[in-house]
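Shown next, in structure tokens, is the structure this report addresses.
The values are calculated or read from the model by the stated rules, or taken from the named source; none is laboratory data. Treat the numbers as computed from the prediction; the structure is a model and nothing was measured. Positions of Cβ are backbone-derived with ideal geometry, glycine not excepted, and every protein chain shown enters the neighbour counts.
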Amino acid sequence: MRAILEDQKEASTLGPLEVTEAQSGFDAMRLLPRQRYDLIITDINMPDVNGLELIHFIRKSEQYRTTPLVIISTQATERDVERGKKLGADAYVPKPFTPELLRDTCERLLKNAPAPRTGNDADG
């Protein structure tokens, strides 16, 4: 799955994208404070910390409160999608999916994303 995502960064119409991979939900929680990410993609089923717990962590973070977030998952019932969006996901892409669907979803979210907060803003 991560290889598919890595391949799509080259096909993006937004220019070259930098991708950081986390091996687990816990690894993602460790990496997130270290740098600013413009988009986050998570699965629901991950080792250590599941995707729903990760989303909760992300949306509680001032740094990532408005960062576009995509869930990809085999768990894609209407109830699963509703739960993910209620927690703060901006999009829910069910597996299996085409690489183009994921790329288009990410590009749409990135184009419509609010300007990132740097922590140096005078008003904030």
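Worth pointing out:
- Residue check, R36 of a type in the set (K, R), in a loop (DSSP other than H, G, I, E, B), in contact (Cβ under 8 Å) with a residue 12 or more places away in the chain and surrounded by fewer than 14 Cβ atoms within 10 Å (Cβ to Cβ): yes
- Considered as a group, the residues in the range 49-64 that are aliphatic (A, V, I, L, M) and assigned to a helix (DSSP H, G or I) include one that is modelled with the lowest pLDDT, and that residue is L52.
- Search result, residues across the range 72-84 that are surrounded by 15 or more Cβ atoms within 10 Å (Cβ to Cβ), without any contact (Cβ under 8 Å) to a residue 60 or more places away in the chain and outside any loop (DSSP other than H, G, I, E, B): S73, D80, V81, R83, G84
- Some residue of the range 87-106 being surrounded by 15 or more Cβ atoms within 10 Å (Cβ to Cβ), in contact with a Phe, Trp or Tyr (Cβ under 8 Å, 6 or more places away or on another chain) and either outside any helix (DSSP H, G or I) or in contact (Cβ under 8 Å) with a residue 24 or more places away in the chain (or both): no
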